[in-house]
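Chemist: This is the structure I want to talk about, given as structure tokens.
The values are calculated or read from the model by the stated rules, or taken from the named source; none is laboratory data. Values in this document were obtained by computation on a predicted structure and should not be read as measured data. Glycine also receives a Cβ, built like all others from the backbone with ideal geometry; neighbour counts cover every protein chain displayed. Surface areas here come from the heavy atoms of the whole protein model, side chains and all, with no ligands, DNA or RNA. Shrake-Rupley method; radii C 1.70, N 1.55, O 1.52, S 1.80 Å.
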Amino acid sequence: MTSSTTRRVLQRQILPIDGDTDVYRLYVDPEAAVLDADKYEVGSNRSAQQLNAAQMRQSTSTGVSIHPDQILDREALRLPAEERISFGSYFNAFPASYWRRYTIVSEVDLTLTVEGRGATVTVYRSMANGRSQRVETVTTGDEASSTFDFALTLKPFVDGGWYWYDVVAGDEDVVIRSAEWAAQVPADRAEHGTVDICITTMNRPDFVAKLIGQLGSTPELRPYLDEVLVMEQGTQKMVDSEFFPDAAASLGDTLRVIEQGNLGGSGGYARGQLESVRKGTATYAMMMDDDVICEPEGVIRAVTFGDLARRPTIVGGHMFSIYSRTRLHSFGEIITPWRFWWLSAPGVFGDWDFAARNLRSTRWLHKRIDVDFNGWFMCLIPRQVLDEVGLSLPLFIKWDDSEFGLRAKAAGYPTVTMPGAAVWHIPWTDKNDALDWQAYFHLRNRFVAALLHSPYERGGRMVRESLNHQIAHLVSMQYSTVELRLMALEDVLEGPYALHDKLATRLAEVNAFRKQFTDAQLQADPDAFPPVRRHKPPRKGKDDSGVPGRMSTLVRAATMPLRQLRPVRPTSRQHPEAEIPAMDAKWYRIARYDSAVVSMPDGNSAALYERDPERFRDLMKRTAEIHSRFQREWPRLAAEYRGALGDITSPEAWEKTFEPWTDQTPHADATTTGPTSA
């Protein structure tokens, strides 16, 4: 007996409504696709690969664009006579291979409404290698309005591929009024789930107020929202923002603000997860950063995809740069098991500019990308997954999202980074988190995650790579970073049950400790440093500012630590020997000097680095000792952390951590409540 089915919309045609012309190419593509220069296969020679990568990034844009007055509303676009437009774009093409692989959907119906005579509509599909194929072409004829239905199978999309449609206007303007991608689904999948959106914020009152206002002012999204939970952990309150009253009014009782101490991203998200699990009324909890611009339709798409997934699935969104809004920061990420480091999945080009090369002109974008995790700037987690695998690890920041993805994967729950669902966010390439206070959390949490999930008996390359990085920081005179990394490793050795205890206090301790080091004392004023003077001019007038070859790098790696033991040049104590821009601040360049003014990657400040042979000896000795200990004790530590994982991620453990803030008196304002007891 065949069960009844019902039609369910999977994705609809959308257009930008905020007036930002920079994002138009994410929604429509007015140009002909060019693939000739975009080759997939290259030789193994490094030069050939670099040349191929450079060719792939070359712009195919001719400057053709749409005008703001062509956008009639959220769904409708006016196309002038005799012009062509493609909806083979990031937000409007249909990512068929993802639906084919991860959901119960096997066929989709595209319903397209066009107003105007003489228009031509063509549906295309692509293969995993980016080659496009025409599927069907229809014309509007003499009718003033035409609606077309296309039945489209998902069978050919095992490895990748998209569907999309192009429209060509005839002798008069046409309006592409709407388009929907839908599927017949079992009756028990007909109703959509609901989501608790969990936003952790600290001292970004305007940013987060605008975000919740954006969520609340999107009528299509409102039925999907169970609650919007804002975990307020700062001293600059969202409720004091000028944008908050309107934002709060748009959400009404759907908004709940929870105040607690600064427990970092993991503490904020864990609180949202805990509240969502205990409440039990939402199908999903979505983690979302406070400093993002959201495409609200992406939330709907993520929920819909989750509803129709073959098994409970984490559905993540992509991240575009908030500074250059057509630049996709990453298309999908994995954890390499041997190095235990996050990076883009194979075949992915980071920082891809859709304004230069849109979807139809880029072959690599058509291959389905499978991932290990998704960043919590936008990530939908089924409540069932939280119930089974637990809440976030108490890591403060860094690696909480990636560890959770690995933990869920081990329990049989995949993560999908879904095209067409995205936010705009500050890319981490513009941050200084490898050298500042975050260096502590980077290393500690990476080691914790590796102890929990590395498939290798002694963590693969983890210990050796950490040692190499430590030496690189040492020869670069980055003593504060070296000390913080040692502190991180010492804390890992304390064991898993210390993570909750340190959650609320470690950041302040880290910041207080690093203030004693000159390389951590940032100055915005260039005159804060003495003028640069060198003991003697560079040899033969050459500054050696180029990138060294492999052999030269190996020689420097062997000799630079020895140089650190020599006495410093006396003049270097009164005058820095060089000014080094952040982009050039590599260990093999910094290590040549006894002192240098080094600028920070964010462009706001610089710091004075000074070589100290005695400090170098002490730090080098401690570095060797602790890495040797990790090499010996890794199996024991891994067993200890894995045995405690269920305890430290349990709701009960987090409830205890939240106790200082769960017995406060609620605010009088009904919209902004104090923390509620789980």
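Chemist: Given the criteria surrounded by fewer than 24 Cβ atoms within 10 Å (Cβ to Cβ), of a type in the set (A, V, I, L, M) and within 18 Å of the chain's Cα centre (by Cα), does Ala345 qualify?
Modeler: So Ala345 passes the test.
Chemist: Any idea which of (1) within 24 Å of Pro205 (Cα to Cα); (2) within 18 Å of the chain's Cα centre (by Cα); (3) not hydrophobic (A, V, I, L, M, F, W, C) is the one Gly316 doesn't satisfy?
Modeler: (1)
Chemist: Inside segment 512-567, can you point out the residues that are under 34 Å from the mean Cα position of the chain (by Cα), open to solvent by less than 100 Å² (accessible area, probe 1.4 Å) and modelled with pLDDT of 85 or more?
Modeler: Within segment 512-567, Ala512, Phe513, Arg514, Phe517, Thr518, Asp519, Ala520, Gln521, Leu522, Gln523, Ala524, Asp525 meet the criteria.
Chemist: Further question on the same structure: Looking at Leu608, is it of a type in the set (A, V, I, L, M, F, W, C), at pLDDT below 95 and open to solvent by 50 Å² or more (accessible area, probe 1.4 Å)?
Modeler: no
Chemist: List pairs: first in segment 387-412 and within 17 Å of Ala488 (Cβ to Cβ) and touching a residue at least 40 places away in the same chain (Cβ under 8 Å), second of a type in the set (Phe, Trp, Tyr) and assigned to a loop (DSSP other than H, G, I, E, B), Cβ under 9 Å, 6+ apart or cross-chain?
Modeler: Leu393/Trp399; Asp400/Trp376
Chemist: Can you find even one residue in segment 146-160 that is in contact with a Pro (Cβ under 8 Å, 6 or more places away or on another chain) and either modelled with pLDDT of 95 or more or of a type in the set (Lys, Arg) (or both)?
Modeler: no
Chemist: Assess whether Val315 counts as being farther than 24 Å from Thr649 by Cα and crowded, with 24+ Cβ neighbours inside 10 Å.
Modeler: In short, no.
Chemist: A further question on this structure: If a residue must be hydrophobic (A, V, I, L, M, F, W, C) and crowded, with 16+ Cβ neighbours inside 10 Å, how many such residues does segment 136-147 contain? Write out each step before concluding.
Modeler: Within segment 136-147, the subset hydrophobic (A, V, I, L, M, F, W, C) is 138, 144.
After this cut, where a residue has to be crowded, with 16+ Cβ neighbours inside 10 Å as well, the list is 138.
Of the residues in that region, 1 qualify.
Chemist: Considering only residues that are out of contact with any Ser or Thr (no Cβ under 7 Å at 6 or more places or on another chain) and buried (at least 24 other Cβ atoms within 10 Å of the Cβ), look in segment 275-288 and name the one that is nearest to Asn203 (Cα to Cα).
Modeler: Among residues in segment 275-288 that are out of contact with any Ser or Thr (no Cβ under 7 Å at 6 or more places or on another chain) and buried (at least 24 other Cβ atoms within 10 Å of the Cβ), the one nearest to Asn203 (Cα to Cα) is Met288.
Chemist: In addition: For segment 668-676, check the following and say yes or no: at least one residue is open to solvent by 70 Å² or more (accessible area, probe 1.4 Å), modelled with pLDDT under 95 and either charged (D, E, K, R) or touching a Gly at 6+ places or on another chain (Cβ under 7 Å) (or both).
Modeler: yes
Chemist: The conditions are (1) modelled with pLDDT of 95 or more; (2) open to solvent by less than 10 Å² (accessible area, probe 1.4 Å), and Thr362 fails exactly one of them. Which is it?
Modeler: Thr362 satisfies all of (1) modelled with pLDDT of 95 or more; (2) open to solvent by less than 10 Å² (accessible area, probe 1.4 Å) except (1).
Chemist: A further question on this structure: Out of the residues in segment 81-107 meeting the condition of being out of contact with any helix residue (DSSP H, G or I) (no Cβ under 7 Å at 6 or more places or on another chain) and assigned to a strand (DSSP E or B), tell me which one is most open to solvent (accessible area, probe 1.4 Å).
Modeler: Arg84
Chemist: Next question. Could you tell me how many of the residues in segment 565-604 are within 19 Å of Arg534 (Cβ to Cβ) and part of a loop (DSSP other than H, G, I, E, B)?
Modeler: Matching residues across segment 565-604 total 15.
Chemist: Considering only segment 45-76, how many residues are open to solvent by less than 80 Å² (accessible area, probe 1.4 Å), in a helix (DSSP H, G or I) and of a type outside the set (A, V, I, L, M)?
Modeler: Counting residues in segment 45-76 that are open to solvent by less than 80 Å² (accessible area, probe 1.4 Å), in a helix (DSSP H, G or I) and of a type outside the set (A, V, I, L, M) gives 5.
Chemist: So which strands (runs of 3 or more DSSP E) are wholly in segment 270-334 and hold at least 2 residues that are out of contact with any helix residue (DSSP H, G or I) (no Cβ under 7 Å at 6 or more places or on another chain) and over 27 Å from Gln233 (Cα atoms)?
Modeler: In segment 270-334, the matching strands (runs of 3 or more DSSP E) lie at 327-330.
Chemist: How many residues does segment 228-268 contain that are touching an Asp or Glu at 6+ places or on another chain (Cβ under 7 Å) and under 18 Å from Trp654 (Cβ atoms)?
Modeler: So the answer is 7.
Okay, residues lined up against (1) out of contact with any strand residue (DSSP E or B) (no Cβ under 9 Å at 6 or more places or on another chain); (2) within 15 Å of Leu274 (Cα to Cα); (3) at pLDDT 95 or above; (4) open to solvent by less than 10 Å² (accessible area, probe 1.4 Å):
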position	(1), (2), (3), (4)
Cys379	no, no, yes, yes
Glu388	yes, yes, yes, no
Pro394	yes, yes, yes, yes
Leu406	no, no, yes, no
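Chemist: Of Ala488, Ala449, Ala504, which residue is over 27 Å from Trp587 (Cβ atoms) and surrounded by 15 or more Cβ atoms within 10 Å (Cβ to Cβ)?
Modeler: When all the criteria are applied, what remains is Ala504.
Chemist: Collect the residues in segment 409-443 that are within 18 Å of the chain's Cα centre (by Cα), within 16 Å of Asn374 (Cα to Cα) and either outside any loop (DSSP other than H, G, I, E, B) or charged (D, E, K, R) (or both), keeping them in residue-number order.
Modeler: Answer for segment 409-443, where residues must be within 18 Å of the chain's Cα centre (by Cα), within 16 Å of Asn374 (Cα to Cα) and either outside any loop (DSSP other than H, G, I, E, B) or charged (D, E, K, R) (or both): Thr415, Val416, Thr417, Met418, Pro419, Gly420, Ala421, Ala422, Val423, Trp424, His425, Trp428.
Chemist: Which is within 27 Å of Val492 (Cβ to Cβ) and among the hydroxyl-bearing types (Ser, Thr, Tyr), of Thr571, Thr553, Thr623, Thr559?
Modeler: Numbers: Thr571 fails: within 27 Å of Val492 (Cβ to Cβ); Thr553 fails: within 27 Å of Val492 (Cβ to Cβ); Thr559 fails: within 27 Å of Val492 (Cβ to Cβ).
Checking each option against the conditions leaves just Thr623.
Chemist: Quick one: how many residues across segment 1-23 are basic (Lys, Arg), open to solvent by less than 40 Å² (accessible area, probe 1.4 Å) and closer than 12 Å to Val185 by Cα?
Modeler: 1
Chemist: For the list (1) at pLDDT below 95; (2) of a type in the set (A, V, I, L, M); (3) open to solvent by 60 Å² or more (accessible area, probe 1.4 Å), I need the number of the one condition that Ala128 fails.
Modeler: (3)
Chemist: If Asp647 satisfies all but one of (1) modelled with pLDDT under 95; (2) part of a helix (DSSP H, G or I), what's the number of the condition it fails?
Modeler: (1)
Chemist: Further, regarding this structure: Assess whether Arg636 counts as being touching a residue at least 40 places away in the same chain (Cβ under 8 Å) and open to solvent by 80 Å² or more (accessible area, probe 1.4 Å).
Modeler: Against the criterion (touching a residue at least 40 places away in the same chain (Cβ under 8 Å) and open to solvent by 80 Å² or more (accessible area, probe 1.4 Å)), Arg636 does not qualify.
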